[in-house]
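A short worksheet on the structure shown next.
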Amino acid sequence: MGEVDSSTLCLFDVDGTLTAARQRVTPDMAEFLQKLRTRVRVGVVGGSDLGKIKEQLGDEVIQKMDYVFAENGLEAFKGGQFLSVQSIQAHMGEDLLQDFINFCLNYMAKIKLPKKRGTFIEFRNGMLNVSPIGRSCSQEERKEFYELDQKEKIREKFVSVLKEEFKGKGLTFSIGGQISFDVFPDGWDKRFCLGIVEKDNYSTIHFFGDKTKPGGNDYEIYSDPRTIGHEVSCPEETQRLCQQLFFS
């Protein structure tokens, strides 16, 4: 085996990049990531909270990666150790936060969908996650909503109304995954984690993600000058690309 190139970091989105949406990582991919760590430093940066990242990548993910950035890096781990966490309520203040939550609940109460379930707003450390169908929907219901959303742009319309209503309040909206969108203070997108890894002076940072178009939650980090961005459409493509880049 060659030496690990410790001046190169590979950062991976989770959903659609390392795993199928909200599914567990395959044993093959998990093994490949460990093999990749013999060549370069490896980190994951997910929009989801740590619990969901663990469900997808395994309970040992913090020990098995050089970096784990949950909620875009608002909760950060390095070398198996906790690094830092941010708080959205401290940043936004209770008044704005409540106005925002109330507006969303009111808006969602007026949408008629084939199905509605529970957990329409999930409160995370550094963001709110808003889901018109409700996060407790089944895999089948999730798929049905996603197909409808692609036709009727339910999330897109919702976000444009919020952008208008909360203009100038310093909020960013990001549509990712299949059933929801994230809301967070400006600058708290996936680039947030770059501010953390910058301190470790990598000469090259590769980023792999699937939602790389404007409005997608990988767009900012993908197009940031500090990274070399790679757009992928599935975990298999991620693996093929890394194989070409680091093992050929």
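The values are calculated or read from the model by the stated rules, or taken from the named source; none is laboratory data. Small disclaimer: the values here were computed from a predicted structure and weren't measured. Every residue, glycine among them, receives a Cβ derived from its backbone with ideal geometry; neighbour counts consider all protein chains shown. Accessible surface is based on the protein model in full, side chains and every heavy atom, while ligands, DNA and RNA are left aside. Shrake-Rupley method; radii C 1.70, N 1.55, O 1.52, S 1.80 Å.
Candidate cross-link partners of residue 199 among the lysines, defined by an alpha-carbon separation under 19 Å and a same-chain spacing of 8 or more, comprise 78, 190.
Annotation: extensible slack from residue 55 through residue 136 equals 27.7 nm (criterion: 0.36 nm per residue apart, minus Cα-Cα distance).
Please report the relative contact order for the chain, taking Cα pairs under 8 Å with a sequence separation of at least 6, and give it as a percent rounded to a whole number.
Details: 425 pairs, mean separation 54.4, N = 248.
Dividing the mean separation by the residue count of the chain yields 22 percent.
Note on segment 113-226: along the principal axes its Cα atoms extend 50, 32, 25 Å, ordered by decreasing extent. Projecting label points 7 angstrom from Cα along Cα→Cβ for residue 35 and residue 157 puts them 4.7 nm apart.
Dividing the summed -39500 (n - 2.57) terms of all DSSP H runs of n ≥ 4 by the residue count of the chain sets its mean residue ellipticity at 222 nm at -10500 deg cm²/dmol. For residue 201, put the label point 7 Å out on the Cα→Cβ axis and report which residues of segment 79-115 keep their amide N under 20 Å from it. Only 79 pass the distance filter. When the Gaussian network model of the chain links Cα atoms closer than 10 Å, the mean-square fluctuations of 183, 68, 161 top out at 161.
Which semi-axes, in whole Å and largest first, does the equivalent ellipsoid of segment 72-150 have when worked out from the alpha carbon gyration tensor as the square roots of 5 times its eigenvalues?
Numbers: eigenvalues 160, 75, 13 Å².
Result for segment 72-150: semi-axes of 28, 19, 8 Å.
The residues of segment 119-248 expose, per residue, 47 Å² of accessible area to a 1.4 Å probe. Near the amide H of residue 232, within less than 5 Å, lie the amide hydrogens of 209, 210, all on another chain or at least 5 residues away, with H placed in the peptide plane.
Taking label positions 7 Å along the Cα-Cβ direction at both residue 226 and residue 89, the computed distance is 2.9 nm, reported to one decimal. Radius of gyration (Cα atoms) of the chain, expressed as a multiple of 2.2 N^0.38 Å: 1.01. Cα-Cα pairs above 11 Å in segment 2-49: how many percent? In whole percent, the share of Cα-Cα pairs in segment 2-49 beyond 11 Å is 69. Rounded to the nearest Hz, the phi-derived 3J(HN,Hα) couplings of segment 169-180 under the Karplus curve 6.51 cos²θ - 1.76 cosθ + 1.60 (θ = phi - 60°) are 9, x, 10, 10, 10, 9, 8, x, x, 10, 10, 8, where x marks glycine and proline.
When the GluC sites (Glu not before Pro) in segment 1-78 are filtered for DSSP coil states and for at most 14 other beta-carbon atoms within 10 Å of their beta-carbon, the remaining sites are 3, 60. Only alpha carbons enter this Debye calculation for segment 1-106, each as an equal point scatterer, and the log10 of I(q)/I(0) it gives at q = 0.17 Å⁻¹ is -0.81.
Normalised size of segment 107-169, defined as Cα radius of gyration per 2.2 N^0.38 Å with N residues, equals 1.17.
The distance linking segment 113-145 with segment 17-86 is 23 Å (Cα centroid to Cα centroid, whole angstrom).
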